[in-house]
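Engineer: Take this structure first; my questions come after.
The values are calculated or read from the model by the stated rules, or taken from the named source; none is laboratory data. Quantities reported herein were computed from a predicted structural model and do not represent experimental measurements. Please note: Cβ atoms are built from the backbone with ideal geometry, for glycine as well, and neighbour counts cover all protein chains shown. Surface accessibility is based on the protein's heavy atoms, side chains included, excluding ligands, DNA and RNA. Shrake-Rupley method; radii C 1.70, N 1.55, O 1.52, S 1.80 Å.
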Amino acid sequence: MKKLSFCILLFLYSLHANSQLTCNGYWGPFLINQTFGQGDATANWYGPLATYAPGASTSTVFVGAGGPPGATLADGQSGLVKNSSAPGTGQGANWVNATDHTGDPNGLMLLVNAPSTAATVFFEYTMDNLCPNTTLRLGVWVMNVNSSLVATSTCGANTQYPNLTLRVVDPVTNAVLALANTGNVPIDTSWHQFFVTFTNGTNTSVKLQVVNNSVGSGCGNDLALDDITVQACIPVSQVLPKLDTLTCSNTTLDFVANVINSPYSPAEYQWQYSTDGGLTWQNQGAPSASPNYSFTTTGLPLGEYLIRYITGSAGTTGNINCISISDTSRVMVDSIPVIEMFETICSGQSLDFFGRSLTTSGIYDTIIPSTGMRCDSIFRMELVVVPTPQQIMMPDSLIACQYDSVPLQSNTLPPNNNYTYQWTPSTNLNADTDPNVWFYADASRRYVLRVTNTVNNVPCSLTDTVDVIVNPGDFLELPKTDFAICPGDSVQLLASGADTYLWQPGKGLSDPAIGNPVAKPEVTTRYQLLGTSAKGCTDTQIVNITVHPAAVLELPDYINLYPGETYYLQPGTNAVFFHWFPNSGINDVAISNPRFNPTVDTRYFVTAKTDYGCVITDSIDVWVKETVLEMPNAFNPNYDDYKVSMRGLATLESFEIYNRWGQKIFETKDIRQGWNGTFKGTPQPTGVYVYQIKATTTEGKPFKQTGNVTLLR
């Protein structure tokens, strides 16, 4: 009975292995791509399996993120790792050091220490969302993780090689849809991809079963599984005609779908075009059973259009897993190009437009036939004819006086608020871009006025000139314009160069209407002279006459002096220069405050002058009196000695003081010496004392006197 079962299984295996389907088109993109997920830079083992590979299961013991118990991946165990020799496998040099089949250091693979029992399904993976009645190709990447050491030493002749059957079954009934055998997977540190091709009939889901075929000692038979993929066989779909062309607006191009060996029955077609180089596609109408499509350019924006279609069984063109996408035709939609041209000319000019002479504003079209694959072109000219100014009304010449402000006025015809103005040169004009300006007359000059009407940056101009003749305005001549006089003085003013003269103010002038009046102002005065030339131009000059303060000298009319005395003069004056006469009895004849000590009566004359040269003269009489001698009748020795009071000069023969007892208590022959109220160093009491004095004045007159004096304290 066991032998019969083995024969039936062998027959079925032979049937499926030898009936591999062929693809009459090409294998399309992955409908399913199970990579077992992505690890990180830190962990070595990952799990659970359903998290990293939804739909996958294993009959082996899946060790999970904690890794194998006992740090060895034993027979009948499996786990998700980044490297086939991850820490915890416990296999040492018996297993190769390899990443997943893409070489990604963090990519995960399913590492399996496979069981050694035959016909054991140790891995299953269910795949959904497939299109029915589709020829599919399932691929699995497999690596023998045993190193060469296993075959040469560890296991030797007893080495078991992974040998697998890839079996595709109905997930509900487990009916076998297809299977393929890998044979012995070699020990070569390489990944090997194995395929099984099948038709899924009405199934939208299938299950992959990986079956162990390796039976033996249990030494070896270690493997890794990676990316499980499913691809549909897609027929070659063509757009006919295959175009790369240009077409003009308002045209229609007809296309037909050509699907080689179409598996779709009945088929439907969804035509599309893209305007962004294939990034996005726009459906053209609803899916249809008709392979025909008309591409109409009417109303479409100009540009490049890629045209294609999607085909599949009726009702499936909306499912990306169930379709074939055609190649494309490229159509460049161009309008009948209108070349816009803009020109601006001035009135009186003409523009040549393809042989036509244009002189008035308007829009003009001319069609130019195309050459090659191009639409005919319309050249459209928009012509603007700018009105040029026709007349500038302003005088040909003007006469002005130097320094006058003269208006330069213009009026341009026909009037236009858009005119711009430019005066050249702009010298001495208050502005140079106004129609009416002021000229500050400095010299004769020709001015050019350009009036421009500018449209679209095209200037249309007219010019005119005006000659300005400037007569001199700086003709008055005065050799001197600043004077300084003293009160009462006069000065001759000398002006020339004018035809008539007028001085202002007229006060202090001998005649304000002549060029050379005599000026005798009483106070400082600023005179303005207005001169008028024979051309009627006026010129002004300013003459300043400064009247300096009069010299002041305040002296007494006379002074009295006694022989031997000196008088110190302190006059009130603003003068700084002096001269006194005569020079006898005076200490300095060139100062304001000399000292007088004449011996006889004298009259002194003085001439004084200020800084500004203003002069004053005056005189002072000095009377020399005879010497006068007098004796006081009381004194206080605390303040002064008792002696003769003298104005002038005298000599003393004797001066004696007696007390009431007739006792002489003081005597002297020095007229400058007096009694200090003591006798032999002892202060004398208050009271009345008797004095006697004999003296002779410088004039020779004797002075003898006896009297009483009261001593006070």
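Engineer: Could you list, ordered by first residue, the pairs with Cβ atoms under 9 Å in which the first is in region 132-150 and on the phi > 0 side of the Ramachandran plot and the second is open to solvent by less than 10 Å² (accessible area, probe 1.4 Å), at least 6 apart or interchain?
Structural biologist: Pairs that qualify, where the first residue is on the phi > 0 side of the Ramachandran plot and the partner is open to solvent by less than 10 Å² (accessible area, probe 1.4 Å), are 133/200.
Engineer: Looking at this structure, is residue 315 closer than 30 Å to residue 127 by Cβ, out of contact with any helix residue (DSSP H, G or I) (no Cβ under 6 Å at 6 or more places or on another chain), open to solvent by 50 Å² or more (accessible area, probe 1.4 Å) and in a loop (DSSP other than H, G, I, E, B)?
Structural biologist: Against the criterion (closer than 30 Å to residue 127 by Cβ, out of contact with any helix residue (DSSP H, G or I) (no Cβ under 6 Å at 6 or more places or on another chain), open to solvent by 50 Å² or more (accessible area, probe 1.4 Å) and in a loop (DSSP other than H, G, I, E, B)), residue 315 qualifies.
Engineer: What do you reckon, is residue 367 within 30 Å of residue 230 (Cα to Cα) and open to solvent by 40 Å² or more (accessible area, probe 1.4 Å)?
Structural biologist: Spelling it out, it is not the case that residue 367 is within 30 Å of residue 230 (Cα to Cα) and open to solvent by 40 Å² or more (accessible area, probe 1.4 Å).
Engineer: Okay, moving on. Kindly indicate which of 352, 404, 432 is touching a residue at least 24 places away in the same chain (Cβ under 8 Å) and of a type in the set (Asp, Glu).
Structural biologist: 404
Engineer: Moving on to the next point. Closer than 16 Å to residue 226 by Cα and either touching a residue at least 12 places away in the same chain (Cβ under 8 Å) or surrounded by 20 or more Cβ atoms within 10 Å (Cβ to Cβ) (or both): does that describe residue 107?
Structural biologist: Yes: the conditions hold for residue 107.
Engineer: Something else about it: Can you list the strands (runs of 3 or more DSSP E) found entirely within region 581-652 that contain at least 1 residues being closer than 30 Å to residue 712 by Cα?
Structural biologist: 628-630, 645-647
Engineer: Next up: If only one of 90, 103 is part of a loop (DSSP other than H, G, I, E, B) and touching a helix residue (DSSP H, G or I) at 6+ places or on another chain (Cβ under 8 Å), which one is it?
Structural biologist: 90
Engineer: Take the conditions free of Cβ contacts under 8 Å to residues at least 12 places away in the same chain and either under 26 Å from residue 81 (Cα atoms) or surrounded by fewer than 22 Cβ atoms within 10 Å (Cβ to Cβ) (or both) and apply them to residue 180. Does it pass?
Structural biologist: It is false that residue 180 is free of Cβ contacts under 8 Å to residues at least 12 places away in the same chain and either under 26 Å from residue 81 (Cα atoms) or surrounded by fewer than 22 Cβ atoms within 10 Å (Cβ to Cβ) (or both).
Engineer: Further question on the same structure: Which condition from (1) in contact with a Pro (Cβ under 7 Å, 6 or more places away or on another chain); (2) assigned to a strand (DSSP E or B); (3) of a type outside the set (D, E, K, R); (4) closer than 22 Å to residue 480 by Cβ is the one that residue 530 breaks?
Structural biologist: For residue 530, the exception is condition (1).
Engineer: Also, quick follow-up: Among (1) surrounded by fewer than 21 Cβ atoms within 10 Å (Cβ to Cβ); (2) in contact with a strand residue (DSSP E or B) (Cβ under 6 Å, 6 or more places away or on another chain), which single condition is residue 34 missing?
Structural biologist: (1)
Engineer: From the list 681, 674, which one is over 60 Å from the mean Cα position of the chain (by Cα), under 15 Å from residue 643 (Cβ atoms) and of a type in the set (Gly, Ala, Ser)?
Structural biologist: 674
Engineer: Can you give me the ranges of the strands (runs of 3 or more DSSP E) entirely in region 445-524 with at least 2 residues that are more than 30 Å from residue 394 (Cα to Cα)?
Structural biologist: Strands (runs of 3 or more DSSP E) meeting the threshold: 482-485, 500-504.
Engineer: Just one of (1) in contact with a helix residue (DSSP H, G or I) (Cβ under 9 Å, 6 or more places away or on another chain); (2) without any contact (Cβ under 8 Å) to a residue 12 or more places away in the chain trips up residue 173, so point out which.
Structural biologist: Here residue 173 clears every test but (1).
Engineer: Could I ask something else about it? Say whether the condition of being more than 30 Å from residue 369 (Cβ to Cβ), buried (at least 16 other Cβ atoms within 10 Å of the Cβ) and either modelled with pLDDT under 95 or among the hydrophobic types (A, V, I, L, M, F, W, C) (or both) is met by at least one residue in region 247-259.
Structural biologist: Yes: region 247-259 contains one or more residues that are more than 30 Å from residue 369 (Cβ to Cβ), buried (at least 16 other Cβ atoms within 10 Å of the Cβ) and either modelled with pLDDT under 95 or among the hydrophobic types (A, V, I, L, M, F, W, C) (or both).
Engineer: Also, quick follow-up: What is the residue count in region 405-427 for residues that are closer than 18 Å to residue 471 by Cβ and either surrounded by 16 or more Cβ atoms within 10 Å (Cβ to Cβ) or of a type in the set (A, V, I, L, M) (or both)?
Structural biologist: Going through region 405-427 one residue at a time, the tally reaches 2.
Yes/no per residue for (1) open to solvent by less than 20 Å² (accessible area, probe 1.4 Å); (2) closer than 14 Å to residue 476 by Cα:
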| residue | (1), (2) |
| --- | --- |
| 491 | no, no |
| 496 | no, yes |
| 500 | no, yes |
| 504 | no, no |
| 509 | no, no |
| 514 | no, yes |
| 517 | yes, no |
| 523 | no, no |
| 526 | no, no |
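Engineer: Something else: Could you list all residues from region 667-695 that are without any contact (Cβ under 8 Å) to a residue 24 or more places away in the chain, in a strand (DSSP E or B), open to solvent by 30 Å² or more (accessible area, probe 1.4 Å) and within 30 Å of residue 564 (Cβ to Cβ)?
Structural biologist: Selection gives 667 alone.
Engineer: From the list 536, 564, pick out the single residue that is within 60 Å of the chain's Cα centre (by Cα) and touching a residue at least 40 places away in the same chain (Cβ under 8 Å).
Structural biologist: 536
Engineer: Within region 192-207, can one find any residue that is under 25 Å from residue 93 (Cβ atoms), among the small types (Gly, Ala, Ser) and surrounded by fewer than 21 Cβ atoms within 10 Å (Cβ to Cβ)?
Structural biologist: no
Engineer: Consider region 356-395. How many of its residues are farther than 24 Å from residue 454 by Cβ, in contact (Cβ under 8 Å) with a residue 12 or more places away in the chain and not in a strand (DSSP E or B)?
Structural biologist: 5
Engineer: Which residues, taken from region 69-82, are surrounded by fewer than 21 Cβ atoms within 10 Å (Cβ to Cβ) and either of a type in the set (Val, Ile, Thr) or without any contact (Cβ under 8 Å) to a residue 60 or more places away in the chain (or both)?
Structural biologist: Result: 69, 70, 71, 72, 74, 76, 77.
Engineer: I need the full set of residues from region 227-246 which are in a loop (DSSP other than H, G, I, E, B) and open to solvent by less than 30 Å² (accessible area, probe 1.4 Å), in order please.
Structural biologist: Hit for region 227-246 is 235, nothing else.
Engineer: Which members of region 320-355 meet the condition of being under 30 Å from residue 255 (Cβ atoms), within 50 Å of the chain's Cα centre (by Cα) and in a loop (DSSP other than H, G, I, E, B)?
Structural biologist: Result: 335, 336, 337.
Engineer: If we scan region 345-353, do we find a residue that is touching a helix residue (DSSP H, G or I) at 6+ places or on another chain (Cβ under 9 Å), at pLDDT 90 or above, among the polar types (S, T, N, Q) and open to solvent by 20 Å² or more (accessible area, probe 1.4 Å)?
Structural biologist: Among the residues of region 345-353, not one is touching a helix residue (DSSP H, G or I) at 6+ places or on another chain (Cβ under 9 Å), at pLDDT 90 or above, among the polar types (S, T, N, Q) and open to solvent by 20 Å² or more (accessible area, probe 1.4 Å), which makes the answer no.
Engineer: Going by the structure shown, is residue 121 assigned to a strand (DSSP E or B) and either open to solvent by less than 10 Å² (accessible area, probe 1.4 Å) or in contact with a Leu (Cβ under 7 Å, 6 or more places away or on another chain) (or both)?
Structural biologist: No.
Engineer: Could you check, for region 270-280, whether at least one of its residues is modelled with pLDDT of 95 or more, touching a Phe, Trp or Tyr at 6+ places or on another chain (Cβ under 7 Å) and open to solvent by 30 Å² or more (accessible area, probe 1.4 Å)?
Structural biologist: Scanning region 270-280 turns up at least one residue that is modelled with pLDDT of 95 or more, touching a Phe, Trp or Tyr at 6+ places or on another chain (Cβ under 7 Å) and open to solvent by 30 Å² or more (accessible area, probe 1.4 Å).
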